[in-house]
Amino acid sequence: MFALGDITAIREPKMAARALRHADVIAANIRAVIAGGGDMTSYEPIPPVLLIPLGPEGGASQLPGMDDIAGPDVTSQYKGRDLLVDRFADTFGLTQARA
């Protein structure tokens, strides 16, 4: 049995980005089971991350390994341009989001 997202007992914020990482681990483990039960991959929580975009060129972020708040230049590189929509285009057979 595998679980991802809000139903997990992992002590970390319940966020979609975390569930995507859960899914990667689950997919690897299902492949291992299909291949004959090889080594299972363990999920390792990541440090807190907070991205708050304000339009395509604004916002602030708290990123792992950074003591300071990242400004709009860094935030827009990660999330501001398209709110991470482009990363799902291939998954759902869609064209890339417009910039």
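Couple of notes before you dig in:
- A count restricted to region 67-92 and to residues that are surrounded by 13 or more Cβ atoms within 10 Å (Cβ to Cβ) and among the acidic types (Asp, Glu) stands at 2.
- Summed over region 1-22, the residues that are under 14 Å from the mean Cα position of the chain (by Cα), not in a helix (DSSP H, G or I) and not charged (D, E, K, R) give a count of 3.
- Output for region 1-39, where each listed residue is in contact with a helix residue (DSSP H, G or I) (Cβ under 7 Å, 6 or more places away or on another chain) and closer than 26 Å to residue 87 by Cα: 2, 4, 5, 8, 12, 14, 19, 22
- First in region 46-62 and small (Gly, Ala, Ser), second anywhere and at pLDDT below 80 and surrounded by 13 or more Cβ atoms within 10 Å (Cβ to Cβ), Cβ under 7 Å, 6 or more apart: 55/80; 58/80; 59/80; 61/78
- Just one of the listed residues (45, 64, 56) is assigned to a loop (DSSP other than H, G, I, E, B), loosely packed, with under 11 Cβ neighbours inside 10 Å and not polar (S, T, N, Q), and it is 64.
- On the stretch given as region 23-40, residues that are farther than 14 Å from residue 1 by Cα and assigned to a helix (DSSP H, G or I) total 1.
The values are calculated or read from the model by the stated rules, or taken from the named source; none is laboratory data. This is a predicted model, so every value here is computed, not measured. Note: ideal-geometry Cβ built from the backbone for every residue, glycine included; neighbour counts use all protein chains shown.
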